[in-house]
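Written below as structure tokens is the structure these notes are about.
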Amino acid sequence: DTAVSQTPKYLVTQMGNDKSIKCEQNLGHDTMYWYKQDSKKFLKIMFSYNNKELIINETVPNRFSPKSPDKAHLNLHINSLELGDSAVYFCASTRRDRVDTEAFFGQGTRLTVV
Amino acid sequence: GNSVTQMEGPVTLSEEAFLTINCTYTATGYPSLFWYVQYPGEGLQLLLKATKADDKGSNKGFEATYRKETTSFHLEKGSVQVSDSAVYFCALISAGNNRKLIWGLGTSLAVNP
């Protein structure tokens, strides 16, 4: 009954590999996000999808590609991983039609590139 | 553009001390304001929110009042506990089409017994 779930929770991989992180929400929300949190806890938005349509695409390397097969899922694929990609990645969801609705977050995926 | 500024940490307090974490914002229109908390090793969770001027959000002994005249949403707690040690984020959702969440940089709080 988890509201926003991400898998895996931990991911250790070598430079140059390709990896994916999956996110699913069962809240009926229409908007989902990917955030990157660095070691100083700064939250940087990467992407946002509304009803499977990309609405926010911040300055992120092309190696990062989000995919939303339906409005309950937003996956993140990363090609050619680099050391600087090591961070915690959070998925979140919300309702776009209501400004008073908060975002719900997943538990995060700690990615370590070695 | 919209922005959120919160006080830099880390903040270190003794148990039962009074806590204030300052947050000010810049936004057009009437945004909703939020405080999120991130406990060690966990995701962010909503602590409290306020959606219009003079609203007071409260939860777990924490309070914050939406002050439009000073564009502030300061977080306060009268008596902190060790279990309050976490990172606290102030955020707003703009009223525009993008509904973009704007985040402060986070303030780390450590409470010592």
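The values are calculated or read from the model by the stated rules, or taken from the named source; none is laboratory data. A quick note: this is a predicted structure, and the numbers were derived from the prediction, not measured. Don't worry about glycine lacking a Cβ; one is built from the backbone with ideal geometry, like all the others, and counts go over all protein chains shown. Please note that ligands, DNA and RNA were not included when accessible areas were found on the heavy atoms of the full protein model with its side chains. Shrake-Rupley method; radii C 1.70, N 1.55, O 1.52, S 1.80 Å.
Scalar couplings 3J(HN,Hα) for the range A:31-40, obtained by applying the Karplus form with A = 6.51, B = -1.76, C = 1.60 to θ = phi - 60°, are 10, 10, 10, 10, 10, 10, 10, 8, 5, 8 Hz; x denotes Gly and Pro. Partners of residue A:22 within straight-line reach, counting lysines whose Cα lies under 21 Å from its Cα and excluding those fewer than 8 residues away in the same chain: A:9, A:36, A:44, A:52, A:67, A:71. Computed from phi, the 3J(HN,Hα) profile of the range B:16-31 under the Karplus parametrisation 6.51, -1.76, 1.60 (θ = phi - 60°) reads 6, 6, 8, 10, 9, 10, 7, 9, 10, 9, 10, 7, 8, x, 10, x Hz, with x in place of Gly and Pro. In the context of the full set of protein chains, the protein assembly as shown has a per residue accessible area of 48 Å² (1.4 Å probe).
Rolling a 1.4 Å probe over the protein heavy atoms leaves residue A:39 with an accessible area of roughly 120 Å².
Here chain B has 48 percent of its accessible surface on carbon and sulfur atoms, given a 1.4 Å probe and all protein chains in place.
Just to confirm a number: summing +1 for Lys and Arg and -1 for Asp and Glu over residues other than residue A:39 whose beta-carbon lies under 15 angstrom from that of residue A:39, what do you get?
So the environment of residue A:39 carries a net charge of +3.
Note on the protein assembly as shown: with charges restricted to the Cβ of Lys and Arg (+1) and Asp and Glu (-1), its dipole about the Cα centre is near 460 debye.
Surface calculation, 1.4 Å probe, protein heavy atoms: residue A:71 sits at approximately 100 Å² accessible. Across peptide A:92-105, the average count of Cβ atoms from other chains found within 10 Å of a residue's Cβ is 5.
Under 5 Å between amide hydrogens, built in the peptide plane, is the criterion, and for residue B:100 it picks out B:94 among residues at least 5 positions away or on other chains. On the beta carbon distance between residue A:112 and residue B:39, with R0 = 22 Å, the FRET formula returns roughly 0.60.
The aspartates and glutamates whose alpha-carbon is closer than 13 Å to the alpha-carbon of residue A:19, local same-chain residues fewer than 8 away aside, are A:82, A:85. A simple rule links phi to the HN-Hα coupling: the Karplus curve 6.51 cos²θ - 1.76 cosθ + 1.60 with θ = phi - 60°, which for the range A:10-18 gives 10, 8, 10, 8, 8, 3, x, 6, 10 Hz, with x for Gly and Pro.
If you build a Gaussian network model of chain B, linking Cα atoms that sit under 10 Å apart, which residue out of B:18, B:62, B:34 swings the most? Looking only at B:18, B:62, B:34, the largest GNM fluctuation is found for B:18. Note on chain B: lysine pairs with Cα distance below 19 Å, sequence gap of 8 or more or different chains, count 9.
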